[in-house]
Structure formats: structure tokens, C-alpha cells
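Read the structure below first, then the notes.
Quick note: the coordinates plus some simple rules give every number you see, no bench work behind them. Just so you know, these numbers come straight off a predicted model, no measurement behind them. Positions of Cβ are backbone-derived with ideal geometry, glycine not excepted, and every protein chain shown enters the neighbour counts.
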Amino acid sequence: MNEAERQSEFRKLPAVDALLRMPAIALLAAEVGVERMTETLRSLLAEARAAIAAGRPAPEAGAWPALAEDALAQAMQPSLRPVINATGVIVHTNLGRAPLSAAARQAVNDVAAGYSNLEYDLEAGARGSRYDHARAALCELTGAEDALIVNNNAGAIYLVLAALCVGREVLISRGQLVEIGGGFRIPDVLRQSGARLVEVGTTNRTHVRDFSAALSPETAAVMRVHSSNFRQIGFVTEPRLEELAAVVHGRSGEAGGPALLIDDLGSGTLLDTAAYGLAPEPMVQESLDAGADIVTFSGDKLLGGPQAGLILGRAELIARLRRHPMTRALRVDKMTLAALDATLRSYRRGRATEEIPVWRMIAAQPDALQARAEAWLLRLSALVTEDAGVRCAVWAGESAVGGGSLPGETLPTTVLAVQTPRVDAVAAALRHASPPVVCRIQKEHLLFDPRTALPEQDEALIDNLARALQQGEER
Ligand SMILES: *Cc1c(COP(=O)(O)O)cnc(C)c1O
């Protein structure tokens with residue numbers, strides 16, 4: 001487009017007043033108010049001017065009402081909304097971690113819609129405790145003496161350290177002084193809690209004898225932190241939990257009170273990941289059996305429930321946590337408790353791998369995934385023509401568990417691979433689709449993994465992909 005053509009396109013842009021007089025726009029303005037309509041038109045005109053400057057034509061005169069309607073709808077979109085996760089990362093922290101089971105969603109809906117016995121004892125007809133909900137279920141499933149549910153695992157760790165270790169020493173292996181993500185660093189949390197960090201051993205090797213040498217009457221606890229998001233290989237040693245328990249509990253009766261063994265499992269799991277071809281992720285029951293006094297883990301990682309921090313362990317310690325003032329600041333609401341209790345019910349009925357999405361995804365069979373990827377390819381081939389460098393195929397691929405569990409571990413899958421010279425433009429169009437689609441990008445290819453896309457989203461995913469490929473071509 002040369003300069004004269006550009007000027008002629010600029011002249012096609014109507015004035016705001018002229019647009020407001022168009023009957024379809026006047027109708028919209030009556031609905032949303034003239035002020036909002038004027039603002040919307042101004043920003044649409046600014047966008048149009050930028051587009052012309054970049055060499056694109058002005059909108060057709062008749063297109064303005066539809067543009068205005070789209071812009072208004074866009075502005076009214078909820079900020080937080082559903083996204084199709086085609087990345088193959090099951091517990092994707094950026095995409096909201098665990099999707100909830102149908103039962104958990106129903107339970108949330110039931111308590112959210114009205115009043116509930118959140119803090120009301122229906123037997124006694126008197127005040128009850130919110131901390132009683134889901135507590136018995138957690139104890140039944142894990143063998144723990146008692147349980148406390150707080151806002152998230154980071155909060156759980158903070159509370160445990162502040163309530164049980166303040167002013168005293170906490171021993172941690174140098175190999176476990178980790179950053180979890182989002183700037184959450186174990187040494188920083190320790191400092192904030194008022195406990196004193198004592199580093200033990202070296203980055204790659206820490207032995208039981210390092211802990212026995214560091215234990216003193218000042219020791220409040222030995223803490224183990226699961227290395228959720230990285231893996232050390234080679235010349236590496238960390239003591240087993242049983243060994244730590246023997247050392248810690250052999251020192252009972254010290255001046256400042258007996259030392260505790262605290263185990264931050266990160267994800268934690270109630271089911272054995274090794275049964276699904278994955279490395280073993282530490283199980284909550286095993287940690288308690290091995291002698292941990294306190295175990296903490298997340299509600300929305302491999303447990304597959306809502307965001308929460310679960311603290312399990314000895315009754316007398318949990319009682320002290322429950323009385324601590326920070327517990328009030330970290331408390332969970334009724335929707336969380338409802339979702340958690342319903343999620344735990346799936347485990348109690350032995351139905352976790354059928355009902356809990358995270359486990360359904362982990363347990364998905366390779367042939368079922370291949371069949372879905374092939375069905376996607378078939379539907380897509382009917383919608384797009386393979387020209388302008390677009391090629392579609394199914395490939396063998398790998399899914400990941402993610403969410404700070406099983407780093408480096410993958411599950412075999414089949415992906416839909418779409419080759420296009422405009423990967424970035426197509427990926428951007430997918431992110432702007434409704435619902436947005438997030439996929440993996442590998443050089444010239446967009447990869448879509450059926451493991452993490454919910455089956456009821458199959459049609460929307462492929463229709464949005466076909467549209468994005470067309471838009472990608474237009475840009
Ligand atoms: C994920 C994780 C946390 C933080 O849990 P949130 O529930 O996200 O607060 C803490 N410790 C470890 C080892 C983790 O993997």
C-alpha cells in the first residue's frame with residue numbers, strides 16, 4: 001500500500017458521532033450507555049488507524065455495528081475463564097492445576113448456592129468447627145491421627161514452622177533448600193516463620209550422620225522437602241525418611257522438647273504412581289508409616305482436588321496448629337472443603353482413577369489416546385485444506401505429570417501435529433479463541449495432546465484450531 005492509498009483508507013474512517021447515529025449502534029448504546037459505547041468506538045477507531053498504518057485496509061462501512069458488538073462482548077468477558085489444555089501437562093500450575101471431578105463440582109455448587117453446616121454442629125444444634133469437615137476422611141485414607149486443612153501447601157509449611165519451631169533450629173539438607181516456583185523458597189519461608197535454618201550436608205550428598213552431628217537441644221525439627229521440580233543424578237545421596245526418624249526420635253527428652261520430623265511432600269499422592277509406569281512419587285501413607293510427625297502436601301496436585309494445604313500427623317501437634325492465630329489467616333472456605341471432601345470420597349470408594357480427572361488422565365490407555373488423536377485429525381482434515389504449507393498428522397508423543405511432581409517423567413501418548421509456517425500467529429489466534437486453546441509448540445509444529453484436553457472439549461478444540469489456521473493465514 002503506497003502513501004496515497006493509505007491516506008484514502010484513513011479518510012474512510014467515520015467520525016464517532018456518525019457511528020453513534022447508525023441505528024444498530026444506537027440500539028447497542030441504548031443498552032450499554034452512550035458513554036461506554038463512545039469509549040468502545042474510540043478504541044476501535046484507534047485500532048483501525050494502527051491497522052491502516054501497518055498497511056491493512058479500513059473496515060467496510062457496514063462492518064462497524066458487528067465490530068462494536070464484538071468489542072463490547074470482549075470487554076464483558078470474565079477475566080478468569082475456562083481454557084482447553086492441549087499441552088499434555090496434567091497438573092499445569094498456569095492453567096489452574098487439577099480439574100475437579102463431577103462430584104466435587106456438584107458439592108461446590110450445593111454448598112455455594114445456599115447455607116451450610118460449615119461451622120454448625122447439626123447433632124448438637126450448636127456451634128461446630130469448619131476444621132472437622134474432610135478431617136475424618138483424610139485420617140481414614142492415610143492412617144494419620146489428625147488432619148488440618150489450610151489455604152495451600154505453602155501456607156501449611158509456614159504454619160507448621162511458625163507454630164512448632166519458632167525461635168529454634170530446623171535442620172534441612174543443602175540439597176533440599178529449593179525454590180518451588182513463583183519465588184517461593186524454602187529458606188525464605190523458614191526465616192519468615194521465625195525458625196532458624198541450619199543447613200546440613202552438601203548440595204549433592206547428605207548423610208544420616210550429618211543430621212546426628214547437627215542435632216542439639218536447640219533443634220525443633222528435621223525437615224525433609226521433596227525435590228518436586230528437579231532431579232539430581234550421579235553422585236547423590238539423601239537419607240531415607242526411616243533413617244531420619246530413627247535419629248530424630250532417638251533424641252526425645254531434650255531440653256527444648258523433643259525434635260520433630262516434618263515431611264513436605266509437595267504433591268504427595270494417595271495412589272502409587274509406579275502402577276502407571278511412572279517413577280514412585282512419595283505416598284502420604286508411607287511417609288506417616290516411616291515416622292514423620294507432620295506431613296504436608298497440596299490439595300490440587302496429584303490428589304486431584306481443590307487448592308488446599310493438607311497437614312497430617314500426630315494429634316497433639318495438629319491441635320497446637322489449630323490453636324495458632326495464623327490458622328485463622330490461612331483458613332479455607334466452604335467451597336474448598338466441599339470439593340475436597342467429595343474428592344476424598346472417590347478415593348474412599350476406590351473410584352479415584354475413574355472419577356478424578358488427574359488420575360483418569362494418568363491412567364488413560366495409549367490406544368484410547370491414539371483413537372482420539374486420529375478422530376481429531378479426521379475432523380480437522382474435513383475443515384481445512386492442506387495448502388499454504390499446512391500439514392496435519394498424528395505422531396507418537398509424550399505427556400508430563402507436571403505441577404511439581406515426577407520431574408522428567410513422561411507418559412507415552414499420541415499427539416495431533418499441525419505444521420504451519422505461521423506457528424506463532426496460529427498459536428496467538430488459538431489463545432484468543434473461545435474457549436482459548438493452549439498447546440505445545442515444537443519448531444514449525446503445533447502439538448495437541450488428547451490426554452489433557454477433556455473429551456467434551458474435542459469439537460470446540462478442532463473447530464477453534466481450524467478457525468485459527470484460517471486466521472493465521474490472513475495475518
Ligand atoms: C508445590 C509445592 C509446594 C507449594 O504448594 P502450594 O500448594 O502450591 O502452596 C511446597 N513444597 C513443595 C515441595 C511443592 O512441590
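Between D458 and A274, the contour length at 0.36 nm per residue exceeds the alpha carbon distance by 63.3 nm.
If a/c stays under 1.5 just call it rounded; otherwise compare a/b with b/c (prolate if a/b is bigger, oblate if not). Do that for region 3-75, with a ≥ b ≥ c from the square roots of the Cα gyration tensor eigenvalues.
Details: a/c = 2.44, a/b = 1.96, b/c = 1.25.
Prolate.
Between L383 and A73, residue separation times 0.36 nm minus the direct Cα-Cα distance comes to 109.0 nm. Sorting 51-62, 442-453, 403-414, 136-147 by their mean Cβ neighbour count within 10 Å, with the most densely packed peptide first, gives 442-453, 403-414, 136-147, 51-62.
To the nearest 20 Debye, how big is the dipole of the chain about its Cα centre, given +1 on the beta carbon of each Lys and Arg and -1 on that of each Asp and Glu?
The dipole of the chain has a size of about 740 debye.
How would the chain be classified by its alpha-carbon gyration tensor: rounded, prolate or oblate, with rounded meaning a/c under 1.5 and the a/b versus b/c comparison settling the rest?
On the way: a/c = 2.22, a/b = 1.87, b/c = 1.19.
Since a/c reaches 1.5 and a/b is larger than b/c, the shape of the chain is classed as prolate.
Sorting the segments 190-197, 267-274, 114-121, 334-341 by their mean number of nearby beta carbons within 10 angstrom, highest to lowest, gives 334-341, 267-274, 190-197, 114-121. Ordering G234, N152, L171 by the projection of their Cα atoms onto the charge dipole of region 149-262, which places +1 on the Cβ of Lys and Arg and -1 on the Cβ of Asp and Glu, puts G234 at the extreme positive end. Classify region 423-471: rounded, prolate or oblate, from the alpha-carbon gyration tensor (a ≥ b ≥ c, eigenvalue square roots; a/c under 1.5 rounded; otherwise prolate if a/b is larger than b/c)? Oblate.
Given N residues in region 102-355, what is its alpha carbon radius of gyration divided by 2.2 N^0.38 Å? Don't jump to the answer; show the numbers that get you there.
On the way: Rg = 18.4 Å, N = 254, 2.2 N^0.38 = 18.0 Å.
Dividing the Cα radius of gyration by 2.2 N^0.38 Å gives 1.02.
Here is the list for region 208-250: chymotrypsin sites (Phe, Trp or Tyr not before Pro) lying in DSSP coil, each with at most 14 other C-beta atoms within 10 angstrom of its C-beta, are F230, F235.
How large is the charge dipole for region 3-75, taken about the Cα centre, if only the Cβ atoms of Lys, Arg (+1) and Asp, Glu (-1) carry charge, to the nearest 20 debye?
On the way: 8 positive and 11 negative charges, 36 e Å.
Here the size comes out at about 180 debye.
A simple charge model with +1 on the Cβ of Lys and Arg, -1 on the Cβ of Asp and Glu and nothing else charged puts the dipole of region 245-365 at about 540 debye relative to its Cα centre. Distance from the C-alpha centroid of region 190-253 to that of region 21-43: 65 Å, rounded to the whole angstrom.
A simple count of charges around I172, restricted to other residues whose Cβ falls under 13 Å of its Cβ and scoring Lys, Arg +1 and Asp, Glu -1, yields -2. Taking a straight Cα-Cα cut-off under 15 Å and skipping sequence neighbours fewer than 8 places away in the same chain, the aspartates and glutamates within cross-link reach of K443 are D424. A simple count of charges around P187, restricted to other residues whose Cβ falls under 12 Å of its Cβ and scoring Lys, Arg +1 and Asp, Glu -1, yields +1. Region 106-184 and region 308-358 have Cα centres spaced 5 Å apart.
Remark: C-alpha extents of region 151-265 on the principal axes read 37, 35, 19 Å, sorted largest to smallest.
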